[in-house]
Amino acid sequence: MTVTGSCHLLEAAGARVLVDCGAFQGSRALFALNREPMAFEPVTIDAVLLTHAHLDHSGRLPVLQRAGFRGRIFARPATIELAEHLLLDAAKIQHEDAERDRRHGKTPDQPLFDEQDVHKTLAQMEPFEYGEAFDVAGLTVTAQPAGHIPGSASFLVEAGGRRLVFSGDVGNARKEVLPDPTPCPEADLVVMEGTYGDRDHRPYAETIEELAGMLRTAEDRGGKILVPSFALERTHEVLYTLAHLERDHDIAPLPVYVDSPLAAKVDEVYDRYPEELSDELRLLRSTGKDPFQPKHLRYTRSVEDSKAITASDAPAIVIAGSGMLSGGRILHHLMSGLGDPP
């Protein structure tokens, strides 16, 4: 069982509609599933409803397009822009991995898709608004905020007097950055995300207090604080929390480096779509304050900038991908800091 590779086929009233078409992520065995033929003929799919931009929900859309899908992909405007950044980054990584294998005399895996496939896929995307019903291949669809990442949506699908809800990934209530997920509407059937359905999360405030304590301890010791983080969503949650803790004098301002070119692009999306943020953050922005701006924040884009951070012994907070420590610039920072005892 895996939580990646989300893809559901809905057949109703003569329509064939996908909800998401995500990539399998994690182990090499899971990633190999992305090369398996899909369980349906892509040319027979009328449309796709995209709940959000994370690759485990959007990552095989270019594969679907390449295999003959020519319908519309319905997504929020923020989702379309985020998907562009994530899919182009995925295409770039596949190309770089193949080139590295060739340099080392290995037979490279053929990339699942390239940048041209991504641009063709993006051309099929069509935006929608929350709360406004729209037609999808004869089905009536209404989307509502899911509170997971900017642009995330749950879908109510109506056909033949029946009501079906696809939750997508649902965000936690009472988090600071995004609005709470809208309660599920009345439905005959709900297909619901349940990754953490078997456990209770502790209060969010307790998590923030634990983080503040760890930061204070690390500051007293000196040196760097390394934060593995996903470019989309998690980085901005960390930045917001750091800025909030600085304003409340819970931690002293330190240099904060976001060592991720992709996170820098995601930051621009957050700026362009303030309507996707919580009421509290929109209010803060109205006062002229950037909620994601610790006092000494810097985004790094070049490899040279990243190497300079690694080489420096000055105290700093370094936020870098990948969030699962499976690759990315965080590994170089960790390797450099392994000799620093806890």
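The values are calculated or read from the model by the stated rules, or taken from the named source; none is laboratory data. None of these values were measured; they are calculated from a predicted model. Cβ atoms come from the backbone with ideal geometry, glycine included; neighbour counts cover every protein chain shown. Ligands, DNA and RNA are stripped out before the accessible areas are found, and what is left, the full protein with its side chains, is counted by its heavy atoms. Shrake-Rupley method; radii C 1.70, N 1.55, O 1.52, S 1.80 Å.
Filter the stretch 146-161 down to the residues that are more than 19 Å from the chain's Cα centre (by Cα) and without any contact (Cβ under 8 Å) to a residue 60 or more places away in the chain, then identify the one that is least open to solvent (accessible area, probe 1.4 Å). Show your work before the answer.
Here is the first cut: in the stretch 146-161, the residues more than 19 Å from the chain's Cα centre (by Cα) are 156-161.
Filter once more, keeping what is without any contact (Cβ under 8 Å) to a residue 60 or more places away in the chain: 156, 158, 161.
Values: L156: 19, E158: 59, G161: 75 Å².
It comes out as L156.
Which is closer than 23 Å to V266 by Cα, among the acidic types (D, E) and open to solvent by less than 70 Å² (accessible area, probe 1.4 Å), of D114, D101? Walk me through how you get there before you give the answer.
Working: D101 fails: closer than 23 Å to V266 by Cα.
Going through D114, D101 in turn, just one is closer than 23 Å to V266 by Cα, among the acidic types (D, E) and open to solvent by less than 70 Å² (accessible area, probe 1.4 Å): D114.
Tallying residues that are surrounded by 21 or more Cβ atoms within 10 Å (Cβ to Cβ) and over 20 Å from Q110 (Cβ atoms) within the stretch 57-70 yields 2.
Selection of the stretch 29-52 for residues being under 21 Å from the mean Cα position of the chain (by Cα) and not hydrophobic (A, V, I, L, M, F, W, C) yields N34, T51, H52.
Given the condition assigned to a loop (DSSP other than H, G, I, E, B), at pLDDT below 95 and farther than 22 Å from P150 by Cα, answer yes or no: does some residue in the stretch 71-89 qualify? If you could, list the steps in order and put the result at the bottom.
At the first step, the residues of the stretch 71-89 found to be assigned to a loop (DSSP other than H, G, I, E, B) are 71, 76.
Filter once more, keeping what is at pLDDT below 95: none.
Scanning the stretch 71-89 turns up no residue that is assigned to a loop (DSSP other than H, G, I, E, B), at pLDDT below 95 and farther than 22 Å from P150 by Cα.
Just name the residue that is farthest from the chain's Cα centre (by Cα) out of those in the stretch 7-25 that are free of Cβ contacts under 8 Å to residues at least 60 places away in the same chain and not in a strand (DSSP E or B).
Within the stretch 7-25, the first condition is being free of Cβ contacts under 8 Å to residues at least 60 places away in the same chain, and the residues that meet it are 7, 9, 11, 18, 21-22, 24-25.
Filter once more, keeping what is not in a strand (DSSP E or B): 7, 21-22, 24-25.
Details: C7: 16, C21: 14, G22: 12, F24: 14, Q25: 13 Å.
Filtering the stretch 7-25 for residues that are free of Cβ contacts under 8 Å to residues at least 60 places away in the same chain and not in a strand (DSSP E or B), the one farthest from the chain's Cα centre (by Cα) comes out as C7.
H249 meets all of the listed conditions (1) free of Cβ contacts under 8 Å to residues at least 24 places away in the same chain; (2) open to solvent by 80 Å² or more (accessible area, probe 1.4 Å); (3) outside any loop (DSSP other than H, G, I, E, B) but one, namely (3). Take the conditions (1) farther than 21 Å from I149 by Cα; (2) under 20 Å from the mean Cα position of the chain (by Cα); (3) open to solvent by less than 30 Å² (accessible area, probe 1.4 Å); S326 misses just one of them, which is (3). As a summary of the residue check, A263 satisfies the conditions (1) under 28 Å from A173 (Cβ atoms); (2) touching a residue at least 12 places away in the same chain (Cβ under 8 Å); (3) not in a helix (DSSP H, G or I) except for the one numbered (3).
Restricting attention to the stretch 287-307 and to residues that are part of a helix (DSSP H, G or I) and open to solvent by less than 90 Å² (accessible area, probe 1.4 Å), the residue that is modelled with the lowest pLDDT turns out to be V303.
Filter the stretch 117-145 down to residues that are in a loop (DSSP other than H, G, I, E, B), among the hydrophobic types (A, V, I, L, M, F, W, C) and open to solvent by 30 Å² or more (accessible area, probe 1.4 Å) and give me whichever is nearest to R60 (Cα to Cα). Lay out the reasoning, then the answer.
Filtering the stretch 117-145 for residues in a loop (DSSP other than H, G, I, E, B) gives 124, 128-133, 137-138.
After this cut, where a residue has to be among the hydrophobic types (A, V, I, L, M, F, W, C) as well, the list is 128, 133, 137.
Now narrow it down to the ones that are open to solvent by 30 Å² or more (accessible area, probe 1.4 Å): 133, 137.
Values: A133: 26, A137: 21 Å.
Per the stated criteria, the residue is A137.
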